[in-house]
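Report on one structure; see the data block that follows.
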C-alpha cells in the first residue's frame, strides 16, 4: 500500500464517527474469527462475536441508506429503475418464487405419495403371500402338527408354497403364531407395511384367521434391501431409506433429529443402486429432491414406543410426476400439458414485453429530463443559445419546446434590456447635456430677485427656462414648453436654447417680438411639422423700470402688483407651426414689489383623487398669497401646493415655474 492510499484511508477514517469505527473493528474481528475457525483454531466467545458482527453489518446497512438516497437516488433514471423494480420486477419475482416453491412442495408431496404407494403395493404383495400361507396351513394342519408349530411349514402343500414365497422374496422370514408380539391394524385381520426388528427394516405382513385346529397367524418379513428398492415400479429416481433409532443418553456422537418431541439418530441406511431420474425433457424439467418420513412398527413392540420413524429421501423429474398425474385423463394428458406450456410461454412473452416497454419508457423519460437538466446548466452559465432536441411528441416533448421558447424569449428580453439600457444611458447623457442648458448662474441686478424650478416628469424634461444678461441693466427671461416629452422634447429644447442665446447675445437691442419671430422661423425650418413649442420671453430693464414681453401661445404668466394680478397673453401663436408669423410685444411699467410668475401647464393641470384639476385660478390665488415671499421660496411653495393637490409624487407632465420679484 503506497503513501497515497494510506492518506486516503486516513481521510476516510477521519470522516467516520466513533460508532462507525467500533463497527468496523467488530466486523474485522468476526472475519478473523471465521478464518481461524476454518483452520481448526478454537477461540472463545465465537457466538457473541458472530452476533455483534451481524449487528454491525445491519448498522452499516442503515448508515448507507442516506448515502444511497443522496448519491445513487439523485438521478431520476436510478429512481425510475428502482421504482420499476419494486412495482413490476419484484412482484413478478416474488410470484415466480412463490409459484416455484408451491410447485416444489406439490411435487415433493406427490413424490412422497408415489414412494409410499410403491411401498404399500409391495406390502400388499407380501400380505397376499402371507394370506396364501395361512390358507395352506389352515388346510394342512392336523392335531399331530398344529398350526402354531414350525413343523407345519414342512408339510407338502405348505412347503411348496413356502418355496414359491422364498423364490419371490429372497431372505424372507416366516414366523407362526406369535401371540401378543405381532402388529395389528385394529381390524383383527392383521397388518401389512414397514416394520423394525432388531434394528433392521422389513416389509412385513401378518395374516390372521381361525382354522379347524385353532387360530392361524403367519408373519412374513421381507428385508428392505437395495435390490428391493431397485424393483419399485414408480417413476421415482434414487431412493434412500434410513431407519431412525431413539437417541441413547450420553455424549452426542452422531447427527440427531427431533421428531414428535423425541430425539433420534440415524440407524440402518438402505439406498437404491440402479434407479436414476432420467434425462431432462426440456429446460423446465428440473430434478426435484425430496424427503419424507414413514412409520415402521416394532416387532416385538417396545414398552415405550410401538413404532419407529423412517426417513425417506428420493429424487424425481417434474416430467415424470406430470405423466403420472395426467395418466388419469388418458389421451387428453399431452394436450393439457401443451396448453400449459403455451400459456406459460405467453405469460413469459408478456412479461418480457412489459420489461422492454418499461425500459424504453424509462429511457425516454430520463433522456428528456437529462436533456432539460443539461440545458439548465447552459442557462446557468449564461448560454441562452442552447436548444433541447425534441425526440417525441408528448408532454415531455412539449416541455422541451416550452424550454426552447423560454430561452429564446429570455434572449430577446436580454437584447431588449440591452437596448433599453443603451437608450437609458443615452437619455442619461441627454439629461446631463440638458442640465448644462439651464442657466448655471442667475443674473443679479439691483431690486431684481430671480428663481426658477423645473421638475421633469421623465428623465429629461420638455420644459425650458433661461435667464440671459443682455446689458448693464437688462435681463432676458424665457420659459418654453416643448410639445411631447422625453428625448425628442429635450432635443428641440436644445435647439430652441441655442437659437435663443444666439439671437439674444448677437443683438442686445433686438426686441422680444423680433427675437420670437426669428426663433419661430428657426424651429419651423429645422423640425418636422408636428414639432412646436409654447414660448414666453420678457426683458426687464432695471433703469427704465419696464418689462417688455412676447407670449407665443404659452399659458399667460401672472404679473402681480399691489393693485391686483394681470395675465400676460399678448404676442401670438406657438413657435414652429408657421414659417412667418407677426408677433407683437407689450411693455409694462414695473412698480416696486411687482412679481412675475411664469409657469408651464404641468403646474396647473395636476388632478386630485377625484379627477379635479388644480387649475389656473387656484394657482393665481396661491401666487397672490405667496407674493410677499422671496422668489426662491415662492417658486418652491407653488410646486409644493401643486404636488399636495395631486397627492402623489408621480407627475403626468413637467412642472416648471419662473418667479421674478422686481422694483
Next on the checklist: How many angstrom lie between the Cα centre of region 593-633 and the Cα centre of region 84-128?
Outcome noted: 109
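From the P(r) of region 191-301, could you give the percentage of C-alpha pairs in the tail past 18 Å?
Of all Cα-Cα pairs in region 191-301, 63 percent lie more than 18 Å apart.
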Checklist entry - Mind checking the angle between helix 486-506 and the chain's longest principal axis? C-alpha axes, 0 to 90 degrees, to the nearest 10. => result 20
Checklist entry - Taking the Cα atoms only, what angle lies between the long axis of helix 512-526 and the longest principal axis of the chain, rounded to 10 degrees? => result 40
Item to check | Pairwise label distance in nanometres, residue 505 with residue 79, each label 7 Å out on the Cα-Cβ vector | outcome: 7.4
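Going by average Cβ neighbours within 10 Å, how do the peptides 123-130, 476-483, 525-532, 586-593 rank, with the highest at the top?
On the way: 123-130: 19.8, 476-483: 24.5, 525-532: 13.5, 586-593: 15.2.
The most tightly packed comes first, giving 476-483, 123-130, 586-593, 525-532.
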Item to check | P(r), alpha carbons of region 438-662 - 5 Å bins starting at zero, rounded % | outcome: 1, 7, 16, 20, 21, 17, 11, 6, 1, 0, 0
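Please compute one quarter of the surface area of the Cα convex hull for region 375-419 and express it in square nanometres. Please list the in-between numbers first.
Working: hull surface 12.3 nm².
One quarter of the hull surface, i.e. the mean projection, equals 3.1 nm².
So in the chain, what percent of DSSP beta bridges are antiparallel if you round to the nearest 5? Walk me through the numbers on the way to the answer.
Details: 98 of 102 bridges.
In the chain, DSSP labels about 95 percent of beta bridges as antiparallel.
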Checklist entry - Quick one: if the Förster radius is 35 Å, what FRET efficiency do residue 389 and residue 281 give, using the C-beta to C-beta distance and rounding to 0.05? => result 0.10
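Taking the radius of gyration and the Kirkwood hydrodynamic radius from Cα positions alone, what is the Rg/Rh ratio for the chain, to two decimal places? Don't jump to the answer; show the numbers that get you there.
Details: Rg = 61.1 Å, Rh = 39.1 Å.
Rounded to two decimals, Rg/Rh equals 1.56.
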Checklist outcome for this item: The relative contact order of the chain, taking Cα pairs under 8 Å that sit 6 or more residues apart, comes to a percentage of 8
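When the helices in the chain are scored as -39500 (n - 2.57) per DSSP H run of 4 or longer and the sum is shared across all residues, what 222 nm value do you end up with, to the nearest 500 deg cm²/dmol?
Helix contribution divided over all residues of the chain: -15500 deg cm²/dmol.
From the alpha carbon gyration tensor of region 13-74, can you work out the equivalent ellipsoid semi-axes (sqrt of 5 times each eigenvalue) and give them in Å, largest to smallest?
Working: eigenvalues 164, 27, 19 Å².
The equivalent ellipsoid of region 13-74 has semi-axes of 29, 12, 10 Å.
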Item to check | Full-stretch length increase - residue 101, residue 379 - with 0.36 nm per residue and alpha-carbon distance subtracted | outcome: 94.5 nm
Item to check | residue 425-residue 354 pseudo-label distance in nm [points 7 Å out on the Cα-to-Cβ vector] | outcome: 6.5
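Run the numbers on region 557-663 and let me know its relative contact order in percent, using alpha-carbon pairs under 8 Å that are six or more apart. Don't skip to the end; give the middle numbers.
Numbers: 153 pairs, mean separation 36.2, N = 107.
Relative contact order of region 557-663: 34 percent.
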Checklist entry - Which whole-angstrom value gives the distance between the alpha carbon centres of region 447-484 and region 490-509? => result 12
Item to check | Prolate/oblate/rounded label for region 500-619 (Cα gyration tensor, a/c 1.5) | outcome: oblate
Item to check | Intensity falloff of region 330-437 expressed as log10 I(q)/I(0), Debye formula with alpha-carbon point scatterers, at q = 0.12, 0.23, 0.24 Å⁻¹ | outcome: -0.68, -1.14, -1.18
Checklist outcome for this item: The relative contact order of region 13-74, taking Cα pairs under 8 Å that sit 6 or more residues apart, comes to a percentage of 38
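What translational D, rounded to a whole number of µm²/s, comes out for region 480-520 from Stokes-Einstein when the hydrodynamic radius is the Kirkwood one over Cα pairs, at 37 °C and 0.692 mPa s? Could the numbers behind the result be given before it?
Working: Rh = 10.9 Å.
Approximately 302 µm²/s, per Stokes-Einstein.
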Checklist outcome for this item: In degrees rounded to 10, the 0-90 angle between helix 332-380 Cα long axis and the longest Cα principal axis of the chain is 30
Item to check | residue 38 paired with residue 629, simple spin-label distance in nm, labels 7 Å along Cα-to-beta-carbon | outcome: 10.3
Checklist outcome for this item: Hydrodynamic radius by Kirkwood for region 358-397, inverse mean 1/r across distinct Cα pairs, in Å, is 10.8
Item to check | Rounded FRET efficiency, nearest 0.05, which uses the C-beta distance separating residue 402 from residue 586 and R0 of 56 Å | outcome: 0.20
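Read-outs: derived from the displayed coordinates by stated rules, not from any lab. Every value quoted in this text rests on a predicted model; they were computed, and no experiment measured them. With ideal geometry, Cβ positions are generated from the backbone for all residues, glycine too; neighbour counts draw on all protein chains shown.
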